[in-house]
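Comments concern the structure below.
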Amino acid sequence: MDSHYTPSPTEVFGRFCSLCAMAPSLEGQLVFLGEMDLSGIATAAAASIAGAASLGADADPERIKIALRQGFCDFMVNHLDEALRILKNELRRKRPVSVGLLRPPSHVAEEMLERGVQPEIVLPDQSATPHFLQRGAELLPPAPANDWIDVTWSVAEAPARWLPHLDQLAIVSLEQASGPRVRWLENAPHYLRKALMHERYVRMSAKEADRFRTRLREKSPVPPLLRFDGREVNL
C-alpha cells in the first residue's frame, strides 16, 4: 500500500516549485493539504522543504501512518486542538512541520473556519477551498512551465559520504547562488530520505546541466553516474 502513496522526487519538486513561486519565503505560512492522498503527501513534503507548516486531514489512519513512515509527516493527532498547538508553536518559530489530523477534511475545515484559523495556501479541489479563498487564502498554482532538464546523479559506493560533495558541485552550477533550487538541494535529502538516499534529483537549464557535467568531470572525488532526462551522460 505504501507504494500507492509514495510521491516521486519529480512530483515533490513540482509542488515545491509551485509553492516557491507564490512567495520569496514560505517560513511562518500554513498550507492546508486536505486529504493525505498522493497529492497531499507530495505537498506536505514540498511544504516542509520550502520551510512552511502544513496540515492534512484524513479519516483513514493508514494513509497518515504511511506519511509518517516515509518521513513526510511529523505528527499524527486526533483533535484539532492538538494540531493547532503544534502548528502555532512551529509557525511562531518559523520552522517547518507537517501534521496529519485523523478527521475527515470537511469537518476539520469547518472547525477551522469557525475558529477563524486561516491557512495562507490551499490545494485545489478541496471542499473548503472556496471558503478559505474568500477569506484571503491563495490557491496552489500548477508548477511553473520551463524547458529544464531532469538531472540525476549517483555514485556506486558510500553515497552518504560522496553525494553531499556532488550536491555542492550542483549548487555552484546553478545560475543563482541562492534561491529555491539551492534550498531543494540542501533540504530535500532530509525529507526524501528513501528516494534520495542513493540518487539526487533537480531540474536545470541546459547551460546549468553542461556546467554541472564539466564540474563533475574536473572535480568529482569519485566516478559519478549522471543522467539527463533519464539518459546516461558521458563525462
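The values are calculated or read from the model by the stated rules, or taken from the named source; none is laboratory data. Small disclaimer: the values here were computed from a predicted structure and weren't measured. Quick reminder, even Gly has a Cβ in these numbers, built from the backbone with ideal geometry, and neighbours come from all protein chains shown. These accessible areas exclude ligands, DNA and RNA; they are computed on the full protein's heavy atoms, side chains included. Shrake-Rupley method; radii C 1.70, N 1.55, O 1.52, S 1.80 Å.
Sparsely packed loop sites in segment 1-67 (the trypsin sites (Lys or Arg not before Pro) outside DSSP H, G, I, E and B with at most 13 other Cβ atoms within 10 Å) do not occur.
If I take R0 = 41 Å and measure r between the Cβ atoms of residue 158 and residue 60 in this structure, what FRET efficiency does the formula 1/(1 + (r/R0)^6) give, to the nearest 0.05? With a Förster radius of 41 Å, E is 0.55. Between residue 207 and residue 69, what FRET efficiency follows from the Cβ-Cβ distance if R0 is 35 Å, with the result rounded to 0.05? Working from the Cβ atoms, E equals 0.35.
If one takes the longest principal axis of the Cα atoms in the chain, at what angle in degrees, from 0 to 90 and to the nearest 10, does the Cα axis of helix 38-50 lie? Between helix and principal axis, roughly 70 degrees. Full extension of the chain between residue 23 and residue 89 yields a length gain of 21.6 nm, computed as 0.36 nm times the residue separation minus the alpha carbon distance.
Summary of the geometry: segment 147-207 and segment 40-99, compared by the centres of their Cα atoms, lie 25 Å apart. Applying 0.36 nm per residue to the separation of residue 4 and residue 234 and subtracting their alpha-carbon distance, the gain on full extension is 79.4 nm. Label point of residue 172 set 7 angstrom out along Cα-Cβ; within segment 197-215, amide nitrogens under 14 Å from it belong to 211-215.
Estimated from helices alone, the mean residue ellipticity of the chain at 222 nm is -14000 deg cm²/dmol (sum of -39500 (n - 2.57) over DSSP H runs with n ≥ 4, per residue). Only Cα pairs under 8 Å and 6+ residues apart enter the sum, and on that basis the relative contact order of segment 98-235 stands at 28 percent. Of 94, 194, the residue with the largest accessible area leads and the full order is 194, 94 (1.4 Å probe).
Springs between Cα atoms under 10 Å define the GNM used for the chain, and in it the highest mean-square fluctuation of 101, 30, 216 occurs at 216. Would you indicate which of (1) 68, 44, 30; (2) 52, 40, 31; (3) 59, 32, 30 is the value of Cα extents along the principal axes in Å derived from the coordinates of this structure? Evaluating Cα extents along the principal axes in Å on these atoms matches (3). Close amide H partners of residue 128, meaning residues 5 or more places away or on another chain with modelled amide H under 5 Å apart, do not exist here.
Calculated accessible area for the chain comes out at 48 Å² per residue, all protein chains present (probe 1.4 Å; ligands, DNA, RNA ignored).
As a length-normalised measure over Cα pairs under 8 Å and 6 or more apart, the relative contact order of segment 47-96 settles at 54 percent. Cross-link partners of residue 65 among lysines, defined as those whose alpha carbon lies under 24 angstrom from its own and excluding same-chain residues fewer than eight positions apart: 88, 194. Counting other C-beta atoms within 10 Å, and keeping those with at most 10, which DSSP coil GluC sites (Glu not before Pro) do you find in segment 3-77? Those that pass, being in a loop and sparsely packed, number zero. Across the chain, the relative contact order, built from alpha-carbon pairs under 8 Å that are at least six residues apart, equals 20 percent.
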